[in-house]
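Structure first, commentary second.
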Amino acid sequence: MHAKPFRKQPLAATMSRLSAALPLALLCLLGACTQQSAQQPPEEENRQTSAIPPAQMTAQTGRETSASPRANVANPAEQPPAPAKEKAKPFPIETFYTLLVAEVAGNREHYDLALANYYFQAERTQDAGVAARATRIARFLNARRAALRSAKLWVELEPESREAQLAATAELTLAGELDDALKHAELALALGGDAPLQSVAATAVSNEELAVRVLPEFRRLSNKYPHNHEASLALAMVLRANDKDAEALKITRLVQEQDPSLLDAPLLESHILIDMGRQKEARSLLENLVDLYPKESRLRLQYARMLIREDLELAQQQFEELVAQRPDDANLILSLALIQYETQQYEASEPLLRRLLALKEHESAAHFYLAGIAEQQGDLDGAVTHYRMVRPGGDYVQAISRGTSLLTAAGRTEEAQAWFAELRQRHPDQQKQFYLLQAELLSKHDRLREAQTVLSEGVDKHSDSSRLIFAHAMASEQLGDVEKFELGIRKLLSRDPDNANLLNTLGYKLLSFDDRLNEALVLISRALELSPEDPAIIDSMGWAHFRLGNHSEAVKYLQKAMTLMDDHEIAAHLGEALWALGERQQAMQVWERGLKINPESEIIPEAMQRLQDQQRLEQHVTEN
């Protein structure tokens with residue numbers, strides 16, 4: 001059972017009632033030192049206490065009353081003797097004026113000022129009514145830290161108040177202080193009624209270690225209150241988080257037997273059944289529940305989410321019904337729009353996405369998928385416009401990548417470059433990433449020279465960035481600019497001389513030059529010393545020995561590399577080393593294996609063709 005939410009009082013409405021009562025309250029307060037409130041009739045006192053709702057504070061004390069002062073006054077003869085009461089003490093005049101300012105501020109919707117004044121006076125006066133008021137205002141404003149402080153003060157001053165205990169439970173739960181939250185929840189239960197134990201459990205199960213730690217406490221509370229369904233279902237939630245599904249399932253079914261109308265229990269049961277791999281039972285349960293309670297959105301939403309994995313068409317029908325029931329629920333609209341988008345129902349998806357823009361909800365997601373629809377329709381400008389409207393978040397980088405890629409593919413590189421320049425200006429702390437992303441895009445579209453220029457600019461502005469230096473070096477290598485490639489790698493090695501990958505990268509490249517083979521061997525040997533089980537470095541060492549004419553040694557290294565990692569490039573090298581040793585049938589088998597690993601390999605066919613041509617040439621020379 002979900003705990004009832006605390007009512008958020010609309011402050012502008014409640015505080016506005018103060019204006020009519022202010023003259024009377026002010027006179028009463030100012031005269032409190034000479035005339036005690038006991039002289040007033042109960043009706044008059046009650047009329048004044050309503051000036052600061054909902055706490056029902058009297059102007060004299062600010063204390064919160066638990067019942068109407070007029071209760072049973074019709075027949076005073078039947079009433080038991082009233083217990084002696086502590087004489088009411090007026091607030092100091094500065095406290096009254098501070099609270100008066102707070103109420104006026106609230107009436108004018110300056111809620112932060114209202115909260116600050118109330119919290120300050122709550123601590124100063126140690127008055128439960130003022131602390132309660134501060135707590136309610138803070139919770140209305142969603143000011144979590146202030147709400148937590150006020151709730152702790154309120155419950156300290158008025159421990160017998162169930163509302164105070166519930167407020168403390170809720171705020172401690174939101175703050176993640178679950179041990180204290182459970183203590184106050186138990187006190188609220190002891191005072192009668194319910195406590196939001198499921199909310200506490202929901203926070204606990206989000207952390208595996210925490211779920212293990214709090215399980216004994218939830219067991220204890222469930223045993224202490226065996227007929228409290230909230231406590232039972234909270235325990236079931238924590239049991240589920242601890243992989244005790246059978247026990248949790250038993251509890252949910254017992255609760256359903258005791259109260260068939262309580263829908264939290266079967267809803268939790270459906271989750272547990274899915275965890276247990278019993279999807280058919282879960283689906284049957286949810287289907288029956290949706291039939292019995294067609295207006296219960298929680299049930300239909302759980303059913304729809306389950307169907308997404310099993311029956312997308314039926315899931316769409318459920319989301320359509322949910323949107324019909326709650327037409328302004330942005331989460332439901334987005335879910336339905338995405339299902340339609342993924343099934344290419346663009347004409348149905350587009351108006352839903354535009355509705356999100358009208359609601360000003362999930363705007364980035366709406367723009368991202370509207371861009372995708374425009375792209376599918378061949379509307380380049382529309383797609384780019386929507387991609388540019390996506391704000392930082394989950395789809396941000398992908399939107400930039402797609403939009404600039406569309407512009408580059410269409411030959412509108414200047415627009416793409418201007419977009420990246422704008423991004424670097426807008427996000428100065430992410431300039432390096434945008435240089436890298438721009439260069440990657442250009443490389444993808446075979447614009448290596450432009451990519452090198454972009455990376456060169458990036459390196460000039462961010463000379464400390466190893467990623468930019470490395471990317472620039474690799475772009476230079478692809479362009480055949482060995483000098484800039486080597487300069488970049490050696491610059492990185494000067495900072496990190498024991499980086500095995502950098503040593504191997506440079507060494508492997510130098511194997512391409514006959515006059516630098518020994519230099520390459522030194523670099524690769526050092527890399528292998530640092531990382532002896534790296535198959536890429538072992539492959540480089542094998543290829544170094546092959547280039548030096550040590551074919552038997554080459555085969556040893558290359559076979560080891562192939563054992564550690566199935567890779568078509570290693571297969572190409574091993575096959576060539578075997579071919580050089582005269583093991584040509586074995587070489588062909590290795591190459592065939594490499595082509596199975598990567599049918600798109602270019603290096604293996606190139607090696608096979610080159611060596612076979614060489615063999616035919618040798619035969620021709622021999623025969624003639």
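Values in this text are rule-based calculations from the coordinates and carry no lab data. Here the structure is a predicted model, which is why all the values come from computation and not from measurement. We place every Cβ from the backbone using ideal geometry, glycine too, and count neighbours over all the protein chains shown.
Between the beta carbons of residue 496 and residue 426, assuming R0 = 35 Å, the FRET efficiency works out to 0.65 to the nearest 0.05. All Cα-Cα distances of region 180-255, cut into 5 Å bins from zero to the largest, leave 3, 18, 31, 27, 14, 6, 1 percent in each bin in turn. Divided by 2.2 N^0.38 Å, where N counts the residues, the Cα radius of gyration of region 266-320 comes to 1.01.
Spatial offset of region 417-448 relative to region 574-610 amounts to 39 Å, using the alpha carbon center of each. Here is the tail figure for region 466-559: Cα pairs spaced more than 16 Å apart come to 53 percent of all pairs. Under the convention that each Lys and Arg Cβ holds +1 and each Asp and Glu Cβ holds -1, the size of the dipole of region 528-609 around its Cα centre is about 320 debye. Here the ratio of the Cα radius of gyration of region 195-234 to 2.2 N^0.38 Å is 1.08. Each residue of region 351-365 was assigned a 3J(HN,Hα) from its phi angle through the Karplus curve 6.51 cos²θ - 1.76 cosθ + 1.60 (θ = phi - 60°); the sequence is x, 5, 5, 5, 5, 4, 5, 5, 7, 6, 10, 6, 5, 5, 4 Hz, with glycine and proline shown as x. Looking at region 526-624, the GluC sites (Glu not before Pro) that sit in a DSSP loop and have at most 16 other Cβ atoms within 10 Å of their own Cβ are 533, 583, 600, 602. Annotation for region 337-409: trypsin sites (Lys or Arg not before Pro) lying in DSSP loop with at most 12 further Cβ atoms inside 10 Å of their Cβ are 360. Scalar couplings 3J(HN,Hα) for region 564-578, obtained by applying the Karplus form with A = 6.51, B = -1.76, C = 1.60 to θ = phi - 60°, are 6, 8, 6, 9, 5, 6, 5, 4, 4, 5, 5, x, 5, 5, 5 Hz; x denotes Gly and Pro. When the P(r) of region 98-186 is calculated, the portion above 19 Å amounts to 34% of the C-alpha pairs. Residues of region 522-551 falling in the label zone of residue 565, defined by backbone nitrogen less than 16 Å from a point 7 Å along Cα to beta-carbon, are 524-525, 527-544.
Computed extension gain for residue 329 through residue 207, at 0.36 nm per residue and net of the alpha carbon distance, reaches 41.0 nm. If the segment from residue 126 to residue 280 were pulled out straight at 0.36 nm per residue, it would be longer than the present Cα-Cα gap by 49.6 nm. Which pairs break 31 Å Cα to Cα here: 224/280; 295/360; 244/280; 444/556? Over 31 Å Cα-Cα: 224/280; 444/556.
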